[in-house]
Amino acid sequence: MHDIRAIREQPAQFAAGLSRRGMGEAQALSEDILTRDKALRSLQQRLQEAQARRNDAARQIGAAKAQKDEGRAAALMGEVAGLREEIQKGEEEERALKLEVEEILAAIPNLPAGDAPDGADENDNVEVVARRFGASPQIDKPLEHFALGEALEQMDFARAAKISGARFVILSGALARLERALGAFMLDIHTREFGYREVSPPLLVRDGAMFGTGQLPKFHEDLFHTTSGYWLIPTAEVSLTNYVNDEILDEADLPLRMTAWTPCFRAEAGSAGKDTHGLIRMHQFSKVELVSIVAAESSDAEHERMTDCAQEVLKRLGLHHRVMALCTGDMGFAAKKTYDIEVWLPGQNRFREISSCSNCGDFQGRRMNARYRPKGEKNLKFVHTLNGSALAIGRTLVAILENYQQTDGSILIPEALRPYMNGDEKITK
RNA sequence: GGAGCUGUGGCCGAGAGGCUGAAGGCGGCGGUUUGCUAAACCGUUAUACGAUUUAAAGUCGUAUCGAGGGUUCGAAUCCCUCCGGCUCCGCCA
């Protein structure tokens, strides 16, 4: 959510930021908002004058009645009789205008950070070379993960389709266990070593929570909605970030770092035909999420730190990966800057996104009305929020299968994971 | 599913048609005292929009007591609808 005052004061920056994100009509949009804002304020001015006259008369009527001067009271009442309708009409218009402006603002994405690379789509993303890790393993004729999983008879798309349709999977045996191992492994790293607090949050949330993080009102078609009005979370970011919704925190309590391992649910509307094989793009998947709630000055540093935390998981699993700074045209709605982590998949012979770490600045804080009291300052500030996957578990499982496949079809278990896998070295049929 | 209660500032809590942006307490901020800390004491303490001003401060006006609507010259207070929260009963992991 944008601050109307910021738009008022710096309309050029606002429009420039939006057009960097690829909004062609940014200039017109900015002007439209300011026109409505101006209309609203001049309406308010007229309304206030009428209200002042009414209040003054009401006070005099009260005084007259107290002095038992009924004649004077009646005369005054006659004077303000016409004001009532005028005020009611004015209030109605004011509400409608306010709502319009709010609706427009609620649908506008965050402005990109100054150092987010400009660009139109994923082809313009820029690698953060210093963050690259490892090298692709030498595998002769590598298989894709679904071929490996199905051959192991521990990854079953056909039966899942029978039960739930496309974009679902059944893992079983060691692969089901691998999913559990990965979740526990990741949580242990983040809680023991990086100071994140483990949280087990609701998976069904209300409209307000979805609005707070920015999924609503614009992206409802990407979400599952229950008949009783709940939304299924597409990421634990929603539950964890809204933890501070409508609260005022002490700066001393920041940063607030939370992690959760949850299922995520995505309708995947509009991605028909994309990633139809395998478990890259499911309606339901498991993910360990990181969320940081921080003071305004520290969000940039926290973003780097969070990305380190996510990369650390991949490093311990020995997985080759690179980090991309998303260009302005490829970033999500709420983000001002995003790093995607892409893991190398030998079976696909390409890098694939396995994590996305975003700094949302105060964008979500303002939508959620989540504030903090800065030390030594009088006024409240909106918290800055960050979220990152660390990591998407389904895709991590894919990466392990493809990177650790053996010629006999078995899968070597990365050493860091073995304590979580009953000490086993391999997954076999 | 049935029955009832409740929503006031940063927090707790009073107010039950006008003098209430709202008592009191806690917290926050500033200060006095003190070797330091604590305690005590004093002061201060919401936001938005507008007017005034070269600007800031200040002053004034308007709105805001969950949200919206209604009654009234006048609503935190009365009425209606909605939304949250809580309790009990039933069912259930």
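A short reminder: the numbers here are calculations on the coordinates, not readings from a lab. Computed from a predicted structure; not experimentally measured. A quick note on method: Cβ atoms are made from the backbone with ideal geometry, for glycine too, and the neighbour counts reach across all protein chains shown.
Which net charge results for the neighbourhood of residue A:219, defined as the other residues with beta-carbon distances under 14 angstrom from its beta-carbon, given Lys and Arg at +1 and Asp and Glu at -1?
Numbers: positive: A:218, A:266, A:367; negative: A:207, A:221, A:222, A:237, A:268.
Residues close to residue A:219 contribute a combined charge of -2.
For the range A:249-290, take N as its residue count and report Rg(C-alpha) divided by 2.2 N^0.38 Å.
On the way: Rg = 16.3 Å, N = 42, 2.2 N^0.38 = 9.1 Å.
Normalised Rg, Cα atoms only: 1.79.
Could you line up A:418, A:84 from fewest to most neighbouring Cβ atoms inside 10 Å?
Working: A:418 14, A:84 11.
If I rank by nearby Cβ atoms, fewest first, I get A:84, A:418.
Against the 2.2 N^0.38 Å scaling, with N counting residues, where does the range A:62-115 land? I'd like the Cα-based Rg ratio to two decimal places. The partial results should precede the final answer.
Values: Rg = 22.5 Å, N = 54, 2.2 N^0.38 = 10.0 Å.
Normalised by 2.2 N^0.38 Å, the Cα Rg of the range A:62-115 equals 2.25.
Could you tell me the calculated FRET efficiency between residue A:308 and residue A:39, based on Cβ-Cβ distance and R0 = 45 angstrom, to the nearest 0.05? Let's see the in-between values first.
Working: r = 48 Å, r/R0 = 1.07.
For residue A:308 and residue A:39, the calculated efficiency is 0.40.
Hey, got a sec? Which GluC sites (Glu not before Pro) in the range A:336-381 land in a DSSP loop and have at most 13 other Cβ atoms within 10 Å? Don't jump to the answer; show the numbers that get you there.
Values: sites: A:342, A:353, A:377; in loops: A:377.
Sparse-neighbourhood loop GluC sites (Glu not before Pro): A:377.
Would you mind counting up the charge near residue A:182? Only other residues with Cβ under 12 Å from its Cβ, with Lys and Arg at +1 and Asp and Glu at -1. It would help to have the intermediate numbers written out before the result.
Details: positive: A:177, A:180, A:287, A:316, A:395; negative: A:179, A:188.
Net charge in that neighbourhood comes out at +3.
Filter the DSSP H helices in chain A by two things, a Kyte-Doolittle mean of at least 0.0 and an axial alpha-carbon span of 24 angstrom or more, and list the hits by number. Each step should come with its number before you reach the end.
On the way: long enough: A:26-66 (58 Å, -0.82); A:70-106 (52 Å, -0.43); A:173-193 (30 Å, 0.14); A:299-316 (26 Å, -1.26).
Helices meeting the criterion: A:173-193.
If a paramagnetic tag sat 7 Å from the Cα of residue A:136 along the Cα-Cβ line, which residues of the range A:317-332 would have the backbone N under 14 Å from that point?
Backbone N within reach: A:320-322.
Using the count of nearby Cβ atoms within 10 Å as a rough guide to exposure, how do A:170, A:280, A:427 rank from fewest to most? All intermediate terms of the calculation are to be shown ahead of the outcome.
Details: A:170 17, A:280 21, A:427 25.
The order, fewest Cβ neighbours first, is A:170, A:280, A:427.
Using the Cβ atoms and a cut-off under 15 Å, what net charge is assigned to the surroundings of residue A:4, where Lys and Arg are +1 and Asp and Glu are -1? Could the numbers behind the result be given before it?
Details: positive: A:5, A:8, A:36, A:38, A:41, A:98, A:366, A:367; negative: A:3, A:9, A:31, A:32, A:37, A:94, A:100, A:102, A:103, A:362.
Net charge around residue A:4: -2.
How do A:203, A:254, A:401 rank when sorted from fewest to most other Cβ atoms within 10 Å of their own Cβ? Walk me through the numbers on the way to the answer.
On the way: A:203 17, A:254 20, A:401 27.
So the ranking, lowest neighbour count to highest, is A:203, A:254, A:401.
Determine the alpha carbon to alpha carbon distance for each of A:218/A:287; A:98/A:218; A:218/A:381; A:38/A:336 and list only those over 21 Å. Kindly include the intermediate steps, with their values, before the conclusion.
Values: A:218/A:287 23 Å; A:98/A:218 19 Å; A:218/A:381 26 Å; A:38/A:336 28 Å.
Violating the 21 Å limit, Cα to Cα: A:218/A:287; A:218/A:381; A:38/A:336.
If you split all Cα-Cα distances of chain A into 20 Å bins from zero, what percentages do you get per bin, shortest first?
P(r) for chain A, in whole percents per bin: 22, 47, 20, 8, 2, 0.
With springs only between Cα atoms under 10 Å, which of A:334, A:158, A:392 fluctuates most in a Gaussian network model of chain A?
The residue with the greatest mean-square fluctuation here is A:158.
Tell me, what is the FRET efficiency for residue A:51 and residue A:103 to the nearest 0.05, using R0 = 25 angstrom and their Cβ-Cβ distance as r?
Values: r = 26 Å, r/R0 = 1.03.
Calculated transfer efficiency: 0.45.
To two decimal places, what compactness ratio does the range A:1-69 give when its Cα radius of gyration is scaled by 2.2 N^0.38 Å?
Values: Rg = 21.2 Å, N = 69, 2.2 N^0.38 = 11.0 Å.
Dividing the Cα Rg of the range A:1-69 by 2.2 N^0.38 Å gives 1.93.
Take the Cα atoms of the range A:142-215, build their convex hull, and give its volume per residue in Å³.
Working: hull volume 13.4 nm³, N = 74.
Looking at the range A:142-215, the number lands at 181 Å³ per residue.
Write out the trypsin sites (Lys or Arg not before Pro) in the range A:219-301 meeting two conditions: DSSP loop, and at most 12 other Cβ atoms within 10 Å of their Cβ. Mind showing how you got there, number by number?
Values: sites: A:257, A:266, A:274, A:281, A:287; in loops: A:266, A:274, A:281.
Of the trypsin sites (Lys or Arg not before Pro), the ones in loops of the range A:219-301 whose Cβ has at most 12 other Cβ atoms within 10 Å are A:274.
How big is the charge dipole of the range A:1-94 about its Cα centre, in debye rounded to the nearest 20, if each Lys and Arg gets +1 on its Cβ and each Asp and Glu gets -1 on its Cβ?
On the way: 16 positive and 17 negative charges, 54 e Å.
Approximately 260 debye in magnitude.
To the nearest 0.05, what FRET efficiency results for residue A:122 and residue A:89 with a Förster distance of 41 Å applied to their C-beta separation? Mind showing how you got there, number by number?
Working: r = 51 Å, r/R0 = 1.24.
FRET efficiency, residue A:122 to residue A:89: 0.20.
What's the Kirkwood radius of the range A:271-365 in Å, using all Cα pairs? Show your work: numbers first, answer last.
On the way: mean 1/r = 0.0673 Å⁻¹.
Across the range A:271-365, the inverse of the average 1/r is 14.9 Å.
Can you tell me the length gained on complete extension of the stretch residue A:66 to residue A:252, counting 0.36 nm per residue apart and subtracting the Cα distance? Display every interim value, and only then the final one.
On the way: separation 186, 0.36 × 186 = 66.96 nm, distance 5.36 nm.
Length gained, residue A:66 through residue A:252: 61.6 nm.
In bins 10 Å wide, starting from 0, what share of all Cα pairs of the range A:287-429 does each bin hold, as a percent?
11, 34, 27, 16, 9, 2, 0
Expressed in nm to one decimal, what extension gain is obtained for the pair residue A:428 and residue A:150 from 0.36 nm per residue of sequence separation less their Cα-Cα distance?
Numbers: separation 278, 0.36 × 278 = 100.08 nm, distance 1.17 nm.
The residue A:428-residue A:150 span can extend by a further 98.9 nm.
Could you work out the relative contact order of chain A? I mean the mean sequence separation of Cα pairs under 8 Å and 6+ apart, divided by the number of residues, in percent.
Details: 796 pairs, mean separation 84.5, N = 429.
Relative CO of chain A lands at 20 percent.
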